[in-house]
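The values are calculated or read from the model by the stated rules, or taken from the named source; none is laboratory data. Note that the structure is a prediction, hence the values are computed from the model and not measured. For neighbour counting, all protein chains shown are included, and Cβ atoms are generated from backbone atoms with ideal geometry for every residue, glycine included.
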Amino acid sequence: MQEYTSCHWLQHGLSFENDHIEMCCLCCHKGGGRLYIKENYNGKGVSWEDIFKLKEKFIEENKNGIIDKRCEGCFNLVNRGWEEAAQFINYIHFNHWTHCNSDCIYCYTKWDKKAFNSRPHYKVLPMIKELFKKKLFKPGGEITFAGGEPTILNEFEDLVMFLLKNGADRITVHSSGIKFSKAIEKGIKEKKLSVCLSADSGTREMYKTVKRVDKFDKFWQNTKKYAEAQKDIEDKIYVETKYILIPEVNTKKDEIDKWLDLTVNAGIKSVVVDIENDYCKELRDTNQAKPDFLVDLGNYIIQKTKEYGLNLVEYNNFRYLTTEFNLT
Ligand code: SF4
Ligand code: SF4
């Protein structure tokens, strides 16, 4: 294995975005990401061969110490030995960014929700079927669904059922939790799929403030139903609730406590925390330090989740906070 600086997404990953395909979905580091594989993508016009060819080009540059500027500051860059051939896929991200049954105040789609909800979306299932047929997906690889609400897309149930049937066993779905999905439930039962449900609140009032839809009861009803699909008591890692900290909106400790109580009472053992992206970007762009209250809150959440015996998953902006201030 040759040693050089690279990242696992560049080597073996890709992200399906609304109208293009990228190497990854990372964009909150200095370089800003956006390593395009195919712009103006509508489900056609790129083959797996084209993708691997482009990956080889970037990999050759990395081998020669030329790191693309867009990767600068990304925590995924590491210097280590990499497998020689890039000819397999191990990480797939679906970020369709069309349609959602929530209307979160921090979502970038808030500028025009109507336009966002009517954006066309292409089918990925044909390309995914080809990937598996050609045995180009390495067993054990990770598949994630994110932005927009995946469960309301026409092909979602078929796509997840196909993945479950064809050996994918590390699938993560980010969902608003407002619509219940049988495919997700099946994946949880088979211990092949985890669902991360967007709570962002501990009370109905705050839920309505952040989500701008009145679905607090539905959310917790579905969350409990997914939690019940987890089989072993020791193995409850397949359902998580997520909280995005939005300064001056949902960052009171009391609200966090209520969210943690609801989560534990629903039979969930794992939580995800992040910080609103626009807020962090503003701090970054204006060279401002993270405020003390945020550091204090980060610490509080870490200690609280320990008390509750919860697994804490740190998403990007929260991870930058805990790393920078050495919070443990
Ligand atoms: S280093 Fe970061 S930005 Fe660059 S391809 Fe990898 S994950 Fe994406
Ligand atoms: S659930 Fe996700 S896609 Fe939907 S409005 Fe909220 S942040 Fe945006």
(request) Kindly provide the set of residues from region 1-12 that are assigned to a loop (DSSP other than H, G, I, E, B) and surrounded by fewer than 20 Cβ atoms within 10 Å (Cβ to Cβ), ordered by number. (result) Met1
(request) Kindly indicate which of Ser15, Ser102 is near ligand 1 (Cβ under 10 Å from one of its atoms), hydroxyl-bearing (Ser, Thr, Tyr), surrounded by 19 or more Cβ atoms within 10 Å (Cβ to Cβ) and within 30 Å of Ile178 (Cα to Cα). (result) Ser15
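Out of region 262-292, which residues are closer than 17 Å to Phe318 by Cβ and assigned to a loop (DSSP other than H, G, I, E, B)?
Correct list: Glu276, Ala289, Lys290, Pro291.
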(request) Scan region 165-191 for residues that are over 19 Å from the mean Cα position of the chain (by Cα) and either surrounded by 23 or more Cβ atoms within 10 Å (Cβ to Cβ) or of a type outside the set (Asp, Glu) (or both) and report the count. (result) 6
(request) Would you be able to say whether some residue in region 262-279 is surrounded by 16 or more Cβ atoms within 10 Å (Cβ to Cβ) and more than 29 Å from Cys100 (Cα to Cα)? (result) no
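Residue-by-condition table, conditions (1) farther than 28 Å from Met127 by Cβ; (2) within 16 Å of ligand 2 (Cβ to nearest atom); (3) touching a residue at least 12 places away in the same chain (Cβ under 8 Å); (4) surrounded by 11 or more Cβ atoms within 10 Å (Cβ to Cβ):
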site	(1), (2), (3), (4)
Val46	no, no, yes, yes
Phe52	no, no, yes, yes
Glu61	no, no, no, yes
Gly65	yes, no, yes, no
Cys71	no, no, yes, yes
Phe75	yes, no, yes, yes
Trp82	no, no, yes, yes
(message) Please count how many residues of region 115-138 are within 13 Å of ligand 2 (Cβ to nearest atom) and over 21 Å from Ser198 (Cβ atoms).
(response) 0
(message) Please verify whether Asp235 is under 23 Å from the mean Cα position of the chain (by Cα) and more than 16 Å from Cys107 (Cβ to Cβ), treating the condition exactly as stated.
(response) yes
(request) Restrict the check to region 34-45 and report whether at least one residue is part of a helix (DSSP H, G or I), modelled with pLDDT under 95 and either on the phi > 0 side of the Ramachandran plot or of a type in the set (D, E, K, R) (or both). (result) no
(request) Give the residue, chosen from Gly167, Gly141, that is within 16 Å of ligand 1 (Cβ to nearest atom) and more than 30 Å from Val249 (Cβ to Cβ). (result) Gly141
